[in-house]
C-alpha cells in the first residue's frame, strides 16, 4: 500500500487512481453505518414494519415496500454523519498530502446501498466528469462502509484512461465501453479509493449476501501545490 507522498502523487498522475488506508476514519464510518440501520429501522417501525438490525432486514424491507426503502436511502443523503465526513480533517490532511489545497465541495456525499437483488442499480461505463463539469483537477473519493471485494461488487476501472480526456457519451454513459479492459478494484473497510474524475469506471454486481454500502465524496480543487496538466482530470466541481 502506498503511503509516501511522492508515490501517491505519481500513482494518481499515471494510473488516475490510488487507494489509501485511513484507519483513523473507521470509528466515524461505524457511526455512519449505525445511523443507516437506525434510520431504516425508524422508517420501518413507523410504517408498521419490524425493527431493522442487519443487511437481511433491509433487503426484506425492500421487497415489502420498494418505494419506501428507496425514499429512506434518499433521506440518508442528508444524514449529518455522512455530510460531515466530507469536511473531516482526516480527508483534508490527505488532500494536502497528495498536493491539493483549497478544497471545494460542489455536491453532498452520495450514499449508495447496492443490494443482492436482480434489479440492483448499476452505473454503466462513464466518467464522473461528464456529470459535473468543473475544474480539471477534480477528484472523487469512494469510501466503502465494509470490505468490498469482487464478490461484493468492487468498482471496475480502466487505469490510465483519465489521460484520454472527456470521451464521447450519451447523457454521460460511454458509447465505446467495450473497447476498454476493466479491472476490479477491491477496497477494504478503512481504505479510500481516490480517482480522477475522467477515469473510466463502472459498477459491478453485488453477488454476496451483504449489502454494499458506500459513500462518494466529489470535490473540486482550484489550486494545487504543483502544476497539473490536462491529462490529470476528474469530475469537476464548483468554480468561482
| task | Please determine, by comparing only the residues of segment 211-232 that are in contact with a helix residue (DSSP H, G or I) (Cβ under 7 Å, 6 or more places away or on another chain) and part of a loop (DSSP other than H, G, I, E, B), which one is modelled with the highest pLDDT. | result | 211
| query | Do we find that residue 53 is over 29 Å from residue 94 (Cα atoms) and in contact (Cβ under 8 Å) with a residue 24 or more places away in the chain in this structure? | reply | no
| query | From the list 58, 52, which one is touching a helix residue (DSSP H, G or I) at 6+ places or on another chain (Cβ under 6 Å), modelled with pLDDT of 90 or more and in a loop (DSSP other than H, G, I, E, B)? | reply | 52
| query | Only one of (1) more than 22 Å from the chain's Cα centre (by Cα); (2) part of a helix (DSSP H, G or I); (3) loosely packed, with under 12 Cβ neighbours inside 10 Å is not met by residue 34, so which one is it? | reply | (1)
| task | Sort out which residues of segment 166-210 are assigned to a strand (DSSP E or B), at pLDDT below 90 and either more than 13 Å from the chain's Cα centre (by Cα) or farther than 22 Å from residue 98 by Cβ (or both), and write them in order of number. | result | 169, 170, 173, 174, 202
| Residues (farther than 15 Å from residue 200 by Cβ and either touching a residue at least 24 places away in the same chain (Cβ under 8 Å) or buried (at least 16 other Cβ atoms within 10 Å of the Cβ) (or both)) located in segment 148-175 | 148, 149, 150, 151, 152, 153, 154
| request: Would you please name the residue that is nearest to residue 110 (Cα to Cα), looking only at residues in segment 66-79 that are touching a helix residue (DSSP H, G or I) at 6+ places or on another chain (Cβ under 8 Å) and touching a residue at least 40 places away in the same chain (Cβ under 8 Å)? | output: 76
| field | Count of residues meeting criterion [without any contact (Cβ under 8 Å) to a residue 12 or more places away in the chain and either on the phi > 0 side of the Ramachandran plot or in contact with a helix residue (DSSP H, G or I) (Cβ under 6 Å, 6 or more places away or on another chain) (or both)] in segment 30-49 | value | 1
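Conditions (1) modelled with pLDDT of 85 or more; (2) surrounded by fewer than 18 Cβ atoms within 10 Å (Cβ to Cβ); (3) out of contact with any strand residue (DSSP E or B) (no Cβ under 8 Å at 6 or more places or on another chain); (4) more than 19 Å from residue 28 (Cα to Cα), marked per residue:
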site	(1), (2), (3), (4)
81	yes, yes, yes, no
101	no, yes, no, yes
114	no, no, no, yes
118	no, yes, yes, yes
127	no, no, no, yes
130	no, no, no, yes
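The values are calculated or read from the model by the stated rules, or taken from the named source; none is laboratory data. Model, not experiment: these values are computed from the prediction. Neighbour counts are summed over all protein chains in view; Cβ atoms, including those assigned to glycine, are modelled from backbone coordinates with ideal geometry.
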